[in-house]
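All remarks here apply to the structure that follows.
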Amino acid sequence: MRPCRCSERPGIHRARGQVDWIEADELGHFEWGYAGFTAMSITLREIEPGDRDLIAGVAGGPAWRSDIALWVEYVLDHQNGRRIVLLAFEHGKPVGYRTLKWASDYVPFLSAGIPEINNLMVAAHARNRGIGTAIIQELEQRARGAGKR
């Protein structure tokens with residue numbers, strides 16, 4: 001494992017949902033942890049067409065969006081470069097997702113050329129372990145890598 005660039009930001013403070021350290025390898029496998037707690041291993045990767053059926057099968061809680069029509073749209077947007085859809089997997093099963101929409105529907109962001117990170121969801125059984133934070137940090141890094149702020 002090599003240190004993830006996300007963890008090199010100075011001044012990360014302790015708060016609920018923030019991790020103390022993150023490591024990532026070149027394949028997108030992440031490990032992170034909190035001081036005094038055991039590390040967890042999550043794989044983050046971009047959506048693939050067959051993932052919509054996996055997502056639909058997750059009992060992620062009342063806010064988990066498993067509507068097939070939504071995921072057909074997300075796959076098409078991802079394939080056409082309109083958004084990045086990032087999924088988090090634990091033990092081969094989806095436990096979270098978030099999207100980065102390059103052209104926001106929020107007019108101030110659109111006018112300023114700022115992409116929108118939206119639709120964060122972590123399955124109820126996997127919450128409060130830093131999965132959402134890891135997804136957000138990865139999408140922020142990708143936006144910066146594309147020259148966005």
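Annotations
- Boolean, K101 is at pLDDT below 90 and of a type in the set (K, R): no
- For region 118-126, the criterion of being farther than 21 Å from T43 by Cα and surrounded by fewer than 21 Cβ atoms within 10 Å (Cβ to Cβ) is met by no residue.
- Condition met for T43 (at pLDDT 85 or above and within 16 Å of G130 (Cα to Cα)): yes
- Some residue of region 70-92 being touching a Pro at 6+ places or on another chain (Cβ under 6 Å), in a loop (DSSP other than H, G, I, E, B) and under 22 Å from T133 (Cα atoms): no
- No other residue among L70, L87 is in contact (Cβ under 8 Å) with a residue 24 or more places away in the chain and in contact with a helix residue (DSSP H, G or I) (Cβ under 9 Å, 6 or more places away or on another chain) apart from L87.
- Taken together, the criteria place I114 among residues that are at pLDDT below 95, under 22 Å from R149 (Cβ atoms) and surrounded by 12 or more Cβ atoms within 10 Å (Cβ to Cβ).
- Residue within region 102-117 that is part of a loop (DSSP other than H, G, I, E, B) and β-branched (V, I, T) present: yes
- Region 51-67: number of residues that are within 26 Å of Q141 (Cα to Cα), without any contact (Cβ under 8 Å) to a residue 60 or more places away in the chain and of a type outside the set (A, V, I, L, M): 3
The values are calculated or read from the model by the stated rules, or taken from the named source; none is laboratory data. For clarity, every value in this text was computed on a predicted model and none was experimentally measured. Cβ: placed from backbone, ideal geometry, glycine included. Neighbour counts: every protein chain shown.
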